[in-house]
Amino acid sequence: MAEPDPSAPALFDLGALTQPASAPSFMDLENPDYAYMFGFLQTDGHLAAGAGRKGQLTVEINARDIAILEEFRRLTPYNSTITERTRSTNFAAVSHTAIWGLCALEARTRLNELGLPYGRKSRRITPPRVPFSRPDYLRGLIDADGSVGFTEEGLPFVSLTTQSTAIAVYLCRYTNLVLGLHKLPGRNKRDNIYTVMYMRESAVAVARHLYSPGALALPRKSAVAAEVRAWERPADMPPRQLFRKRSWTALEDRILLDTDDDEEAAATLGRTVKSCTIRRWRLRRR
């Protein structure tokens, strides 16, 4: 079997990179704890460069979650610090946070090589291009920039909010291939950010797959995920509508291309406007 190309994107080929990692033990992303930690750092971490060899990685989170920073310090074979501070912000009169700081150049270089950019990174982060434990990596992303819980109506959900197209597409692609959940990412119109949301049985499937008992996670989200995993549809709730993929025919393609109006095509074909827009885009790229 040919060696995998390390420059090939991991975005759409979820299983191509299967060879053992040759990287140092620190941040070996085939280790579930490091995979989780890296996903968390990509979203909630900040890598700053300084003059010469100076620079620092910092993660600042609510002090109630300080336990996860203690785990990061335990996993890191370099000197690091955890401090706390209380201040007033635009969001709260009193904000009590915990900050993990790591200065070692070797550690920062390793993280940067794996895909943690220096400076502003929200739109630039991508899944790693080396072998990595995918469920743990995705759990790290969701712990840092997502939500797990129940709506006011008691319906379970798991969601991720991100500015990165690569991350949003990867999550949807992964849950489609592994769990059979059909989801297309799209930016919301208000702030141009992706919110990928799984509800009801889909949320249960994602929680069971990503939040396995004993896996490294924020304790409060792990506890809620356990409740989500146990959810069952109430007897008085209408049955789940199963998704059935409807293939496009040659005749439908011709009808779609005969008009530039997706709303008109949708009405004619009995499809959604979004599906017509996507199909037109794919046809024109052929």
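Values in this text are rule-based calculations from the coordinates and carry no lab data. Note that the structure is predicted; figures quoted are calculated from it, not measured. Cβ sites come from the backbone with ideal geometry, for glycine too, and all protein chains shown count toward neighbours.
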For segment 33-120, what is the relative contact order in percent, using Cα pairs closer than 8 Å and at least 6 residues apart in sequence? 34 percent
Fraction of antiparallel bridges per DSSP, the chain only, in percent to nearest 5: 95 percent
Which residues in segment 169-191 place their backbone N less than 13 Å from a point set 7 Å from the Cα of Arg285 along the Cα-to-Cβ direction? 169, 185
For segment 148-234, what ratio Rg/Rh do Cα atoms give with a Kirkwood hydrodynamic radius? 0.97
Note down the net charge around Gln163, summing +1 for each Lys or Arg and -1 for each Asp or Glu among other residues with Cβ under 14 Å from its Cβ. +3
Packing-based order for 121-133, 265-277, using average beta carbon neighbours within 10 Å, highest first: 121-133, 265-277
Between segment 96-112 and segment 175-225, what is the separation of their alpha carbon centroids in Å? 27 Å
Most mobile of Arg200, Arg64, Arg173 per a Gaussian network model of the chain (Cα springs, under 10 Å)? Arg64
Take Arg120 and Lys54, extend 7 Å from each Cα along the Cα→Cβ direction, and tell me the distance between the two endpoints in nm. 2.4 nm
The FRET efficiency for Leu184 and Ser212, from their Cβ-Cβ distance with R0 = 30 Å and rounded to 0.05, is 0.65
Where nothing but the Cβ of Lys and Arg (+1) and of Asp and Glu (-1) is charged, how large is the charge dipole of the chain around its Cα centre, in debye to the nearest 20? 520 debye
Could you work out how far helix 134-145 tilts from the main Cα principal axis of the chain, as a 0 to 90 degree angle to the nearest 10? 80 degrees
Test of understanding: in a Gaussian network model of the chain with alpha carbons linked when under 10 Å, which of Leu210, Leu177, Leu251 would top the mean-square fluctuation ranking? Leu251
Pairwise label distance in nanometres, Thr86 with Asp261, each label 7 Å out on the Cα-Cβ vector: 6.3 nm
Apply 1/(1 + (r/R0)^6) to the Cβ-Cβ distance of Ile99 and Asn176, taking R0 = 45 Å, and write down the FRET efficiency to the nearest 0.05. 0.75
Is it possible to state the helix-based mean residue ellipticity at 222 nm for the chain, with each DSSP H run of 4+ residues giving -39500 (n - 2.57), the sum divided by total residues, to the nearest 500 deg cm²/dmol? What is it? -12000 deg cm²/dmol
Amide H partners (placed H, <5 Å) of Tyr211, local residues excluded: none
So how tilted is helix 200-210 from the main axis of the chain? Cα-based, degrees 0 to 90, rounded to 10. 40 degrees
Could you give the distance between the Cα centres of segment 113-149 and segment 35-81, to the whole Å? 13 Å
Given [x] 21.2; [y] 18.5; [z] 19.0 as possible values of Kirkwood radius over Cα pairs in Å, the one from the coordinates is [x]
